[in-house]
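Report on the structure given below.
The values are calculated or read from the model by the stated rules, or taken from the named source; none is laboratory data. In this text the structure is predicted, and so the values were computed from the model without any measurement. As a convention, Cβ positions derive from the backbone with ideal geometry for all residues, glycine included, and neighbour counts pool all protein chains shown. Heavy atoms of the whole protein, side chains included, go into the accessibility calculation; ligands, DNA and RNA do not. Shrake-Rupley method; radii C 1.70, N 1.55, O 1.52, S 1.80 Å.
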Amino acid sequence: MRLSLNKAIRLKAKAPLLLHSLYLPAANTSLPFRNVSTHSKATTLTLTTKTRAFLPSPFLTCGAAMATAACVQVKEQIELTETEKKIFARLLNTIRYFNLQTQLRVAGGWVRDKLLGKECYDIDIALDNMLGSEFVDKVREYLSSTGEEAQGLAVIPSNPEQSKHLETARMRLFDLWIDFVNLRCEDYSENSRIPTMKFGTAEEDAYRRDLTINSLFYNINTNLVEDFTKRGIEDLKFGRIVTPLPPKETFLDDPLRVLRAIRFGARFGFALDEELKKAASCDDVKTALAAKISRERIGTEIDLMISGNQPVKAIDYICDLTLFWVVFNLPLQVEPAVSEGCYRLSAAYLDATWKLIQLIGCSSFNDEQRRLSLYSALFLPLRNATYKDRKAKKIPAVNYIFKDSLKRKASDAETVTKVHKSLDKFLSLIPCLLSNDDMQLVKVDWGQEFVDVPLSSKLRVLTGFLLKEIKDFWRVALLMSTLLYPTDIDCTQDDRDKHFQLDKRKDLFVSVENAIVKLGLDKVWDVKPLVNGKDIMNVLQLKAGGPLVSEWQQKVLTWQLAHPSGTAEECLDWMRETHSKRIKIE
């Protein structure tokens, strides 16, 4: 029998823990709380904590991240910025102006991040006795009375399919967007993650949250942090990912919370609660995740993990909870068949890529290149897997994962599949780029004919054509190639770093990258052709374009790559001479 939210809350002790919020930092290390109950007199207690700083580096190793889970520095009070003080003052003045009895509470992530000493610009305000749109109208009217003009007023309608269960009002104050919504409680049906919503108390609202660390409120009226679950601050302090209510019940109501728990656990280096892990990996929850959650929402969570500060930890959690194939669903009848344990190799490639990027230097990759590097690594074991669409056309399985399993943008699928397709070519060029030995190029055969290209220029031509295929993501392809490039590896070793020999592969990447840059090919795809289609038609004495013009455009590009200092006139002379020879032969 399923436990109702209200009944579950009544089983908990009633009094929330309240943490004072001051504008100035305190000088001691004690956490002053008030244990407040509506049925008894308030009492004061002080918790003296021994904390050490949470490591802020976005490049923590998993071990370092987990080390912080034992004890995290939590601030004694929320320190408001000058902008936040002005915003909250306007809202409190609105209440006084209209003599409202409304309690204003900042909810969720802002409270958590401020207690961790992190800045947050995502302010969501929960109201206890009116809709967000009603309060925003009051704020607008108050500002008008003082000669100020309200900015950016908007009402965002509920959209349950996109996890927007309640109407939200929004306005802009002091260049920050503020969202307003009423406190609520939820009732879930058996086969839907979309709840029935109704007004609730602050306590009910706290218990409906996904995690205890996200259930905290900052009461603007009282300058207090409210902990209605009475463990949100404790779980934050000790680095624990816990659900306010029993985890299986929580996940069956909304299975997306499984992925959110993983994402926050990885992001903060917090440990997943044992009961939470058991619930997340059970068959009932896995079935619910696959059936009740839209693929777009799953894709959004995964993208936040991959783009976050601990993508390896997030994917390791997904693997450990046996959720990999639930999340990264494959099409039927993939060829060649993918082994069940393939996900461990995916995690290993991801880990190696993440560490290799740090060894090489993060400045070598922009955010988008880094993100797609990690996706390319994650799906590297699937690079040769294909399936047939309705027209019996072979499609890369990776394309299906992006477009169907994760509902990501088509350009992501296109870039990663292009990177994967380029790897064999890159691997064939690496020995030549490392040794600068033209004779090794004799062994390179891409099925293309390069006429009139001297052997000394062939490396530049081949590399140039390859880079033109993948453009700005050639370093991503090189990164994947360095992972696949054969070295003297003891494959019996379990340790990922020893297996991949990352120091050697970093040196390999840098050497090949320098060779490509030395060839002057870094932005080769931006180089304009020396001659255009009209010039080609004049040389060939054609009245209209066609396949022959396209063929010569490729030849001109080949000549231009082989002669980087060549001029347009020299290229035209070569064309005339080559075309004349061809006519004589025919």
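A few points about this structure:
- Selected residue (only one of Val312, Val326 is touching a Cys at 6+ places or on another chain (Cβ under 9 Å) and among the β-branched types (Val, Ile, Thr)): Val312
- Lys584 meets the stated requirement of being modelled with pLDDT under 90 and either assigned to a helix (DSSP H, G or I) or under 27 Å from Leu455 (Cβ atoms) (or both).
- Test set (1) in contact (Cβ under 8 Å) with a residue 24 or more places away in the chain; (2) surrounded by fewer than 19 Cβ atoms within 10 Å (Cβ to Cβ); (3) within 33 Å of the chain's Cα centre (by Cα) - Lys118 fails condition number: (1)
- Residues located in region 343-367, provided they are in contact with a Ser or Thr (Cβ under 9 Å, 6 or more places away or on another chain) and charged (D, E, K, R): Lys355, Asp367
- Matching entry among Val72, Val139, Val106 (being touching a residue at least 24 places away in the same chain (Cβ under 8 Å), closer than 14 Å to Asn221 by Cβ, among the hydrophobic types (A, V, I, L, M, F, W, C) and open to solvent by less than 10 Å² (accessible area, probe 1.4 Å)): Val106
- Residues being open to solvent by 10 Å² or more (accessible area, probe 1.4 Å), assigned to a strand (DSSP E or B) and under 16 Å from Ala271 (Cβ atoms) - total across region 218-245: 1
- Criterion applied to Leu561, Leu530 was being surrounded by 15 or more Cβ atoms within 10 Å (Cβ to Cβ), outside any helix (DSSP H, G or I) and in contact with a helix residue (DSSP H, G or I) (Cβ under 6 Å, 6 or more places away or on another chain), and the one residue passing it is Leu530.
- The condition of being assigned to a loop (DSSP other than H, G, I, E, B), modelled with pLDDT under 95 and out of contact with any Pro (no Cβ under 6 Å at 6 or more places or on another chain) holds for only one of Glu148, Glu161, that being Glu148.
- Of all residues making up region 269-278, the number that are part of a helix (DSSP H, G or I), in contact with a helix residue (DSSP H, G or I) (Cβ under 6 Å, 6 or more places away or on another chain) and surrounded by fewer than 23 Cβ atoms within 10 Å (Cβ to Cβ): 1
- Against the test of being surrounded by 22 or more Cβ atoms within 10 Å (Cβ to Cβ) and part of a helix (DSSP H, G or I), the options Ala266, Ala348 yield a single qualifying residue, Ala266.
- Test for Ile95: is it in contact (Cβ under 8 Å) with a residue 24 or more places away in the chain, touching a helix residue (DSSP H, G or I) at 6+ places or on another chain (Cβ under 8 Å), β-branched (Val, Ile, Thr) and under 22 Å from Glu167 (Cα atoms): no
- Single residue of region 279-314 satisfying the filter (part of a helix (DSSP H, G or I) and small (Gly, Ala, Ser)) that is farthest from Lys407 (Cα to Cα): Ala279
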